[in-house]
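**Student:** Below is the structure I would like to discuss, written out as structure tokens.
What follows is calculated from the coordinates using simple rules that are stated; it is not laboratory data. Because the structure is predicted, anything quoted here is derived from the model rather than measured. Ideal geometry is used to build each Cβ from the backbone, glycine not excepted, and the neighbour counts take in all protein chains shown.
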Amino acid sequence: MKYKIVTPASSLPVSVADMKTHLRETSSDMDSLIEGYIEAAVQLFEQRTNKAIMPQTWKLTLQDTEVKEKVTIYKYPILGFSSITYYDADNASQSLTNSQDDYISYVDGRPGSLIFDDPPTTYVRDDAMTITFLAGYETIPNDVLLAIKMLVWRMYVHPDDPVSERLSFVDKIVRDHRGWR
């Protein structure tokens, strides 16, 4: 399984203005630093939880041996599937559509799943199937927003703290949101 981001999030979950209010910062002198801290906090949270906070498009490439009735997707929450392509037994490219009842998406929980009524037979290759999907929250949970704000606050107010202290500051929230893998 190989994951690759196709289209990154187009915005941050916490705006610089909201973060400045949280920090009680009124000057615009530190805006770019605060934005960098927000980006770093989001990246850290997403990496440690295997989540996508803001909507973003991902590609999951499967080897032929990984194409099964149930494909587990560890990047979540899944908002939907854009396309599913595979190489059939003759090594010809094929596409699946849910409107043809080729697959059923089961995206609840962590991790998400894609379930095939009848998994296609694929050619023996490393990129036998490619699943393109949208991941991210429709509405970001308050504890996720708080964790990001807490990380930014910690970096802003205590920039000399060791990384381990910054992480322990939000570990409980991260643990609650962590993926299974």
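**Student:** Compare the peptides 144-153, 65-74 by average per-residue count of other Cβ atoms within 10 angstrom and give them in order, highest first.
**Tutor:** The densest-packed peptide leads the list: 144-153, 65-74.
**Student:** Of K20/K59; K4/K149; K70/K149; K68/K172; K68/K149, which pairs sit farther than 29 Å apart, going by alpha carbon to alpha carbon?
**Tutor:** Flagged as over cut-off: K20/K59; K70/K149; K68/K172; K68/K149.
**Student:** I would also like to ask the following. Using the Kyte-Doolittle scale, which helices in the chain average at least -0.5 and also have C-alpha atoms spread 18 Å or more along the helix axis, with helices defined as whole DSSP H runs? Before the final figure, lay out the partial values.
**Tutor:** Details: long enough: 31-49 (27 Å, -0.08); 142-157 (22 Å, 1.03).
For the chain, where a helix must reach 18 Å along its axis and average at least -0.5, the hits are 31-49, 142-157.
**Student:** Sticking with this structure for a sec: With each pseudo-label sitting 7 Å past Cα toward Cβ, what's the Q47-I104 distance in nm, one decimal?
**Tutor:** With each label point 7 Å from Cα toward Cβ, the separation is 3.8 nm.
**Student:** Restricting attention to region 22-58, which trypsin sites (Lys or Arg not before Pro) occupy a DSSP loop and are surrounded by at most 11 other Cβ atoms within 10 Å? Before the final figure, lay out the partial values.
**Tutor:** On the way: sites: R24, R48, K51; in loops: R24.
Sites meeting the loop and neighbour criteria: R24.
**Student:** Given L23, F45, Y3, which one lies farthest toward the positive end of the charge dipole of the chain, if we put +1 on the Cβ of every Lys and Arg and -1 on the Cβ of every Asp and Glu?
**Tutor:** The residue sitting farthest along the positive end of the dipole is L23.
**Student:** Next question, about the same structure. Please list, in chain and number order, the residues 5+ apart from L79 or on another chain whose amide H is under 5 Å from its amide H, with Hs placed from the backbone.
**Tutor:** L134, A135, G136
**Student:** Rounded to the nearest 0.05, what FRET efficiency is calculated for R24 and M150 with R0 set to 22 Å and r the Cβ-Cβ distance?
**Tutor:** The pair R24/M150 has a calculated efficiency of 0.90.
**Student:** For the chain, what does the helix formula give at 222 nm: sum of -39500 (n - 2.57) over DSSP H segments with n ≥ 4, over the residue count, nearest 500 deg cm²/dmol?
**Tutor:** Helix-only estimate at 222 nm: -9500 deg cm²/dmol.
**Student:** With charges only on Cβ, +1 for K and R and -1 for D and E, what is the dipole size of region 56-135 about its Cα centre, in debye, rounded to 20?
**Tutor:** 440
**Student:** Take the Cβ-Cβ distance between D118 and K2 as r, set R0 to 22 Å, and report the resulting FRET efficiency rounded to the nearest 0.05. Each step should come with its number before you reach the end.
**Tutor:** Numbers: r = 24 Å, r/R0 = 1.11.
The formula returns an efficiency of 0.35 here.
**Student:** Turning to a different aspect of this structure: Using the crude model of +1 on Lys and Arg Cβ and -1 on Asp and Glu Cβ, and no other charge, please compute the dipole size for the chain relative to its Cα centre, in debye to 20.
**Tutor:** For this selection, approximately 500 debye.
**Student:** May I ask you to evaluate 6.51 cos²θ - 1.76 cosθ + 1.60, the Karplus curve with θ = phi - 60°, for each residue of region 120-132 and list the ³J(HN,Hα) values in order in whole Hz, giving x for glycine and proline?
**Tutor:** Values, residue by residue: x, 7, 10, 6, 6, 6, 5, 10, 5, 9, 10, 10, 9 Hz.
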